[in-house]
Amino acid sequence: MSFDGSYSATLSPSVSESFGSHVLSNSISSLSSSTTSRPSSNNISKTYRQASQLFLTRRLPEALSTVLPLITPSTESSNVNGSTEPAPVARASRSTRIKVWSLYLTILNAILELDADEGKDAFGTQEWRTICKKVRDSDVWEEVVQFGYHGVEGEVDSDVVINLATLLLAHAKSQAINQKRLENYLASSSTPNLDISKQLEATRSPRLTSRSRRSHSKSGADTPRDLNARVKILELYTLHVLLRNNEWDYAREFISSSAVLDEERRDAFLQALQSLQEEQHESERKEREEKQKQEEQLQKDIEEARRLRAENEARERRRINEERAKREGTEIDYGIEDTPSSSGVRNKARSGSNGSALSRSSKSSKPSTPKEKKAVARPGLGARAIMILSNLRNIIEQMSATFRANPVLLMRLLAFVIGVIVMFGRKGVRERVRQILGTGWNKVRSTAGMGVKVSYI
């Protein structure tokens, strides 16, 4: 049975009229239900333009709140199985869907680049932490798959995958989830089909169902633009994500066996991988050298500190030993030692006095005249003063010589004098000394009185 015009002509006018009215009513009802259940493409585009304008003016909270209704499913609407329906953006056209998800991911990247204080002021502490945790824990990838692509990871548009991988490369704590998601996407999406003749034949065939069309263009790699997007995904996966996970050998093996890359791109990828590995080795070598230099400098500083401490300790020991030797060799009981100079002066003075006595005795032994019989007059007041001054000068010279020979003695004397001055500078000490002297004087006076009485008796 064919579905051309001959079949409809065999129907009676009443049957054909009732069938046509039935199909028309069903189409109108389905159209009205679809328009009421899903937002129009114009509304999505309008909301997208508003959110873009808010983002360009750096009004991030308003931009995020504007785009969220497009990518968040309604909690009230659910299908027969009870699961939540996808977000409104899932029913939009491919270009609109890519624009909305790319804008959302760009807003998230700008939010995470804010300072902590600035982000908390703009969004609040709790919401700021929730947004950061969603991106850093890579939960945003699952959000995009579930809300925008019916939970099918291979259905995600390649441009959205690129933005997701780039966002997680910049802000995720670990690249393990990023690597796993990219591997799942590359495994679930079909390989590129660049045969133009087959594509034209497929478009001419009227029997190509909508399901086969969706499966045929599922990967979105049937055009040169989509092929470039797939190459970009491979670049992110092999030259960034795998390298962050230290999978150098696997990245080289994946590039060599990839069917998407031609010979020129494969050589470029391998050369870039080799350059990155050399840079990493060079940076590791410089880091090791810098660490070794720091350790050597730290060891030198420790040895220098030890040497200085040993020198200081030795110098302190020498000083203590010298002071002990000086103290033991020149220590006296608060007196002045007999030095050779002072003993020589006293010997000279003694010999001089003896000589003068001998000369006087020799003179006295000579026969004297009546004038010599007179008594020798005592020296005058001036001669006595000169003698006292000379004796005082000799004492001062002896003390200066003693102090030069033993400076510790001078220090002790000064300390003693200062101590006495300080001690007598206190009122309590003065009163105590006055009391002791008064008590002693009273005892002496009473003892003297008793002695006078005994002698009198």
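The values are calculated or read from the model by the stated rules, or taken from the named source; none is laboratory data. Small disclaimer: the values here were computed from a predicted structure and weren't measured. Virtual Cβ from ideal backbone geometry, glycine too; neighbours counted across all protein chains shown.
Looking for something surrounded by fewer than 10 Cβ atoms within 10 Å (Cβ to Cβ), farther than 30 Å from G329 by Cα and either free of Cβ contacts under 8 Å to residues at least 24 places away in the same chain or of a type in the set (S, T, N, Q) (or both) - is there at least one such residue anywhere in region 407-426?
Checking region 407-426: at least one residue is surrounded by fewer than 10 Cβ atoms within 10 Å (Cβ to Cβ), farther than 30 Å from G329 by Cα and either free of Cβ contacts under 8 Å to residues at least 24 places away in the same chain or of a type in the set (S, T, N, Q) (or both).
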Among (1) of a type in the set (V, I, T); (2) closer than 21 Å to Y185 by Cα; (3) more than 26 Å from the chain's Cα centre (by Cα); (4) buried (at least 16 other Cβ atoms within 10 Å of the Cβ), which single condition is I107 missing? (2)
Scan of region 229-282 for residues that are buried (at least 16 other Cβ atoms within 10 Å of the Cβ) and in a loop (DSSP other than H, G, I, E, B), ordered by number: E247, S258, L261
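Would you check if there is a residue in region 82-101 being touching a strand residue (DSSP E or B) at 6+ places or on another chain (Cβ under 8 Å) and either acidic (D, E) or modelled with pLDDT of 85 or more (or both)?
Going through region 82-101, the residues touching a strand residue (DSSP E or B) at 6+ places or on another chain (Cβ under 8 Å) turn out to be 84-85.
Now narrow it down to the ones that are either acidic (D, E) or modelled with pLDDT of 85 or more (or both): 85.
Yes, because at least one residue in region 82-101 is touching a strand residue (DSSP E or B) at 6+ places or on another chain (Cβ under 8 Å) and either acidic (D, E) or modelled with pLDDT of 85 or more (or both).
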